[in-house]
Amino acid sequence: MTESAETAILKHLSTAADAVIEDTFPWAASIKVDHTAVVGAIKSLLVEAYVKSEDLSTSFYALTKEGESILQNGSQEMLVLKALVEAGKLSMPDLQTKVGKNVAKVGMGNAMKKKWIKKDGADLIPQKTLDEVSDDVQALLKKLSDANFAVDAIPEKEAKDLKKRKQLTLVTRKSYKVTRGDSYAPTRVKKAGDLTKEMLDSGAWKTTDFKDYNFLTLGEKVGGGYHHPLLKVRAEFRKILMEMGFSEMPTNKWVESSFWNFDSLFQPQSHPARDAHDTFFIKEPAATVSVPEEYYERVKTMHEVGGSGSIGYRYDFKKEEAFKNLLRTHTTAISSQMLYKLANQPGGFKPARYFSIDRVFRNETMDATHLCEFHQVEGLVADYNLSLGDLIGTIETFFKKIGITKLRFKPAFNPYTEPSMEVFGYHPDLKKWTEIGNSGMFRPEMLAPMGLPEDVRVIAWGLSLERPTMIKYRIKNIRDLFGHKVEMARTRTAPVCRFDHVQ
């Protein structure tokens with residue numbers, strides 16, 4: 001349609017050097033082409049200067065549906081008067097039945113104002129005959145119609161009254177005056193926008209007209225990548241831990257054996273956390289291939305008969321249970337492997353600080369604060385003769401660096417740490433203490449089979465990444481932060497994460 005309009009415009013302008021389209025709206029109607037198509041063609045021709053245009057603006061009145069009805073049948077007040085003259089008198093319900101509810105409501109009010117009708121008890125009766133009144137509203141609309149609804153056809157005050165009664169609207173129509181442009185030609189030759197392989201092969205590029213390159217055009221906005229709020233907080237935590245002298249553990253292996261995830265941590269094979277309703281076990285491959293044999297035997301002995309002052313759990317340790325594959329339930333499975341390597345590295349044990357921030361999986365019921373998949377932040381320090389005071393000091397240093405200064409520690413139980421502590425922080429928005437992490441010192445029953453020296457102690461602590469992120473970004477439901485319900489717009493608009501370090 002735009003192409004045929006374009007051809008019609010160029011053809012009209014070819015009739016004379018000073019040919020002009022005075023107003024595109026009536027011109028489009030004369031050639032039976034939609035005005036929108038004509039406007040599109042003009043804008044396209046303007047780009048290559050085939051035409052010049054001048055904006056035109058025409059205002060006129062248009063009738064609403066109610067206005068059209070009045071022009072044909074008369075105003076509401078006239079219809080009400082006619083009904084009462086014919087019937088002599090009518091109750092309001094009867095009048096509504098005769099002329100319609102809306103007509104009766106508007107018409108009765110206007111007729112009473114003009115003293116055409118009055119109330120007689122529950123009825124309405126006429127005070128005037130049809131010959132004694134005139135329908136001024138219908139007359140005004142007819143006058144407008146006869147003048148093609150021109151703005152100057154009726155006084156402004158009367159037009160304002162009609163618009164107030166929603167019988168009339170003012171319409172402003174945009175159109176154009178069109179003349180020849182600097183590059184006018186009777187037929188448009190489309191310029192090529194791109195240099196193609198075919199043009200280069202055939203040599204057609206030498207004679208092809210190309211569009212001028214607009215160096216000022218910014219082009220389409222490039223949709224770059226955005227870091228998820230979790231990754232922003234993760235990056236900040238990672239920087240803080242590295243400032244504290246920690247090295248990052250390799251945590252890219254999500255599938256672990258039960259041996260590294262549970263047994264090496266001195267967690268008994270009968271522990272409830274090892275049930276299918278708490279852990280995701282892998283169907284294929286269901287079992288790991290191998291673990292360090294000598295270390296496996298030492299762990300088995302520690303579980304069955306004990307050692308390092310412990311009596312163990314006194315049960316038959318099963319290899320098939322230890323070799324089961326699962327989605328790791330905590331990154332401590334990596335911590336145990338790193339400590340084993342630390343104890344058996346060439347040159348013997350050397351003090352170390354490790355941390356990890358990665359994904360873990362637990363078979364939990366999902367709600368506003370729990371997912372079956374989340375991120376765990378874990379740190380550990382292995383050194384000679386460490387104490388509970390070292391653990392508390394390390395935890396306080398880390399949390400001060402993320403802006404949490406009010407901490408409390410509560411005794412707790414963990415299968416592989418003793419003593420163990422829950423860490424609570426004061427939430428200034430909620431104005432209450434909330435659990436933010438867990439901590440403890442790894443038990444001798446866990447460390448001794450690894451081959452670590454007897455006077456080496458390992459302090460460790462951990463927290464979820466999601467909870468501080470929710471607090472930082474004021475997110476109430478964890479499913480709005482992580483998972484398939486996350487709004488992509490939040491990822492684009494989430495501000496950079498910065499924590500105020502407290503000295």
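I'd like to know if segment 449-471 contains one or more residues that are farther than 27 Å from Glu236 by Cβ, open to solvent by 70 Å² or more (accessible area, probe 1.4 Å) and modelled with pLDDT of 80 or more. Taking every residue of segment 449-471 in turn, at least one turns out to be farther than 27 Å from Glu236 by Cβ, open to solvent by 70 Å² or more (accessible area, probe 1.4 Å) and modelled with pLDDT of 80 or more. Scan segment 383-398 for residues that are touching a strand residue (DSSP E or B) at 6+ places or on another chain (Cβ under 8 Å), open to solvent by 50 Å² or more (accessible area, probe 1.4 Å) and part of a helix (DSSP H, G or I) and the total you get is 3. Residues that are open to solvent by 90 Å² or more (accessible area, probe 1.4 Å) and of a type in the set (A, V, I, L, M, F, W, C) within segment 190-216 comprise Leu195, Leu200, Trp205, Phe215, Leu216, listed in sequence order. Taking every residue in segment 83-106 that is under 18 Å from Gln127 (Cα atoms) and pairing it with any residue that is surrounded by 15 or more Cβ atoms within 10 Å (Cβ to Cβ) and of a type in the set (Asp, Glu), at least 6 positions away or on another chain, the pairs with Cβ-Cβ distances below 7 Å are Lys89/Asp123; Leu90/Asp123; Ser91/Asp123.
Does Val38 fit the bill of being more than 46 Å from the chain's Cα centre (by Cα) and either open to solvent by less than 60 Å² (accessible area, probe 1.4 Å) or over 30 Å from Ala192 (Cα atoms) (or both)? So Val38 fails the test.
Here Tyr354, Tyr340 are screened, and the one residue that is among the aromatic types (Phe, Trp, Tyr), open to solvent by 30 Å² or more (accessible area, probe 1.4 Å), assigned to a strand (DSSP E or B) and in contact with a Phe, Trp or Tyr (Cβ under 7 Å, 6 or more places away or on another chain) is Tyr354. Screening Glu66 on (1) in contact with a Phe, Trp or Tyr (Cβ under 8 Å, 6 or more places away or on another chain); (2) in a helix (DSSP H, G or I) shows it passes everything except condition (1). Across segment 267-286, a minimum of one residue is classified as more than 25 Å from Glu378 (Cα to Cα) and open to solvent by less than 60 Å² (accessible area, probe 1.4 Å).
Restricting Phe349, Phe374 to residues that are touching a Pro at 6+ places or on another chain (Cβ under 8 Å), at pLDDT below 95 and buried (at least 17 other Cβ atoms within 10 Å of the Cβ) narrows the list to Phe349.
Checking the structure you have, find out if any residue of segment 80-91 is small (Gly, Ala, Ser), crowded, with 19+ Cβ neighbours inside 10 Å and within 22 Å of Asp136 (Cα to Cα). Yes, some residue in segment 80-91 is small (Gly, Ala, Ser), crowded, with 19+ Cβ neighbours inside 10 Å and within 22 Å of Asp136 (Cα to Cα).
For segment 63-70, the criterion of being within 30 Å of Ala122 (Cβ to Cβ), of a type in the set (S, T, N, Q) and buried (at least 18 other Cβ atoms within 10 Å of the Cβ) is met by none of the residues.
Mind checking whether some residue in segment 42-59 is touching an Asp or Glu at 6+ places or on another chain (Cβ under 9 Å), hydrophobic (A, V, I, L, M, F, W, C) and free of Cβ contacts under 8 Å to residues at least 40 places away in the same chain? For segment 42-59, residues touching an Asp or Glu at 6+ places or on another chain (Cβ under 9 Å), hydrophobic (A, V, I, L, M, F, W, C) and free of Cβ contacts under 8 Å to residues at least 40 places away in the same chain: absent.
Candidates are the residues of segment 189-208 that are charged (D, E, K, R) and either at pLDDT 85 or above or outside any loop (DSSP other than H, G, I, E, B) (or both); the one that is farthest from Glu158 (Cα to Cα) is Asp201. All of (1) surrounded by 17 or more Cβ atoms within 10 Å (Cβ to Cβ); (2) of a type in the set (Gly, Ala, Ser); (3) under 21 Å from Pro186 (Cα atoms) hold for Ala49 with one exception: (1). The residue that is farthest from Gly309 (Cα to Cα), among those in segment 401-451 that are polar (S, T, N, Q) and without any contact (Cβ under 8 Å) to a residue 60 or more places away in the chain, is Thr434. Against the conditions (1) part of a helix (DSSP H, G or I); (2) charged (D, E, K, R); (3) over 22 Å from Thr169 (Cβ atoms), Glu54 satisfies every one except (1). For segment 400-436, a tally of residues being in contact with a strand residue (DSSP E or B) (Cβ under 8 Å, 6 or more places away or on another chain) and charged (D, E, K, R) returns 7.
Residues to consider are Val291, Val299; find the one that is over 30 Å from Ile475 (Cα atoms), at pLDDT 90 or above and part of a loop (DSSP other than H, G, I, E, B).
Exactly one of Val291, Val299 is over 30 Å from Ile475 (Cα atoms), at pLDDT 90 or above and part of a loop (DSSP other than H, G, I, E, B), namely Val291.
Cβ separations smaller than 7 Å between residues 6+ apart or across chains give the following pairs from segment 252-281 residues that are over 15 Å from Met302 (Cα atoms) to residues that are open to solvent by 30 Å² or more (accessible area, probe 1.4 Å) and among the polar types (S, T, N, Q): Ser257/Thr288; His277/Asn363; Asp278/Asn363; Thr279/Asn363; Phe280/Asn363. Checking each residue in segment 216-265 for being farther than 25 Å from Ser336 by Cβ and at pLDDT 90 or above picks out Lys239, Glu243. Taken across segment 306-317, residues that are aliphatic (A, V, I, L, M), open to solvent by 80 Å² or more (accessible area, probe 1.4 Å), assigned to a helix (DSSP H, G or I) and at negative phi do not occur at all.
I'd like the residue in segment 107-163 that is of a type outside the set (Lys, Arg) and on the phi > 0 side of the Ramachandran plot and, out of all such residues, is least open to solvent (accessible area, probe 1.4 Å).
Of all residues in segment 107-163, those of a type outside the set (Lys, Arg) come to 107-112, 116-117, 120-127, 129-141, 144-156, 158-159, 161-162.
Now drop any that are not on the phi > 0 side of the Ramachandran plot, which leaves 121, 148-149.
Numbers: Gly121: 70, Asn148: 129, Phe149: 48 Å².
That would be Phe149.
For segment 241-259, enumerate the residues that are open to solvent by 30 Å² or more (accessible area, probe 1.4 Å) and closer than 21 Å to Phe374 by Cα.
Glu248, Pro250, Asn252, Lys253, Trp254, Val255
The values are calculated or read from the model by the stated rules, or taken from the named source; none is laboratory data. Keep in mind that this is a model prediction, so the values were computed, not measured. Cβ: placed from backbone, ideal geometry, glycine included. Neighbour counts: every protein chain shown. Note: areas computed on protein heavy atoms with side chains; ligands, DNA, RNA excluded. Shrake-Rupley method; radii C 1.70, N 1.55, O 1.52, S 1.80 Å.
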